2 protein chains.
Amino acid sequence: MNGIAKTPAPPYYAVIFASQRTEGDNGYGNMADKMTELASQQSGFLGIESARDAGLGITVSYWDSLHAIQAWKENAAHQVAQRRGKSEWYQSFALRICKVERDYFFEM
Amino acid sequence: MNGIAKTPAPPYYAVIFASQRTEGDNGYGNMADKMTELASQQSGFLGIESARDAGLGITVSYWDSLHAIQAWKENAAHQVAQRRGKSEWYQSFALRICKVERDYFFEM
């Protein structure tokens, strides 16, 4: 779960979520862990990559179809988290839905 | 340059670069800054987002075409950096080329 996602051969889909947090944790860390766990149990989930530093957080989740992304968006527990995200946790965010057309992996 | 990229309306392209570093800086920080600067001067460059923590670094660059991505890949100074990346800086990485089909921005 922690590191580079082992995705299948393209095409597949990616959701790029870049965010700037509000001050303080306010229950964010706990909810983020829960959402990662819950996303990974969804049908069509392929993997997730995440990094955060002082300026920005980026989470990329990978999915086998747009349908799977839509289903995750509509998941009830995820919808609760989305609302808290907008009211408490995120100062700003960008969410981009993409089709992965090519990929390349390197290991030393 | 630091934060969420202000990209135009889709479609456009994204390069998702997820990496695990080797130990030590070895000139990486300086080169990363130079490459961000150089990428931003390329034709077709739309923006860049970057975050790194102990486990993983994720950099997403945005481009107006696959042609622009190819031209950046072939840039001479970037090719030197790519070679040093494989021999010195990265333990592993994944590079994914995507077409951004939809996006959504939020500001508190």
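Spread over its residues, the convex hull of the C-alpha atoms of chain B is 110 Å³ per residue.
When chains A and B come together, the accessible area they lose, probed at 1.4 Å and totalled over both chains, is close to 3900 Å².
Heavy-atom accessible area for A:Lys34, with the other protein chains in place and a 1.4 Å probe, reaches approximately 120 Å². Take B:Gly27, push a point 7 Å out from Cα through the beta-carbon direction, and compare it with the same point in every other copy: 5.0 nm, smallest first.
List for the stretch A:5-29: residues with 50 Å² or greater reduction in accessible area, all protein chains versus chain alone, probe 1.4 Å? At a threshold of 50 Å² (probe 1.4 Å), the residues of the stretch A:5-29 that become less exposed are A:Ile16.
Here A:Tyr104 yields copy-to-copy label distances, from shortest upward, of 3.3 nm, the label point defined as 7 Å from Cα along Cα to C-beta.
Only lysine pairs 8 or more places apart, or on different chains, with alpha-carbon atoms under 17 angstrom apart are counted in the protein assembly as shown, and they number 9. Of all the options B:Ser61, B:Ser92, B:Ser50, the one that moves most in a Gaussian network model of chain B with Cα springs shorter than 10 angstrom is B:Ser92.
Accessible surface of B:Asp33, taken over heavy atoms with a 1.4 Å probe and every protein chain present, rounds to 110 Å². Computed over protein heavy atoms with a 1.4 Å probe, the accessible surface of chain A works out to 52 Å² per residue.
Cβ-Cβ distance of B:Ala71 and B:Asn2, R₀ of 22 Å, FRET efficiency by 1/(1 + (r/R0)^6): the value works out to about 0.35. Note on chain B: GNM, Cα springs under 10 Å; of B:Ala54, B:Ala32, B:Ala81, the largest mean-square fluctuation is that of B:Ala54. Measuring heavy-atom accessible area with a 1.4 angstrom probe and counting protein chains only, the residues of the stretch A:32-55 that give up at least 20 Å² relative to the chain alone are A:Glu49, A:Ser50, A:Ala51, A:Arg52, A:Asp53. Here the protein assembly as shown exposes an accessible surface that is 51 percent carbon and sulfur, computed with a 1.4 Å probe and the other protein chains kept in place. Distances between copies of B:Gln42, taken at a point 7 Å out from Cα along the Cα→Cβ vector and listed shortest first: 3.0 nm. When the surface is traced with a 1.4 Å probe over the full set of protein chains, A:Arg52 keeps roughly 70 Å² accessible. Placing B:Met35, A:Met108 in order of accessible area, with the largest value first and a 1.4 Å probe, yields A:Met108, B:Met35.
The values are calculated or read from the model by the stated rules, or taken from the named source; none is laboratory data. Since we're looking at a predicted model, the values are computed, not measured. Backbone-built Cβ (ideal geometry, glycine too); neighbour counts: all protein chains shown. Areas reflect the complete protein model, heavy atoms only, side chains present, ligands, DNA and RNA absent. Shrake-Rupley method; radii C 1.70, N 1.55, O 1.52, S 1.80 Å.
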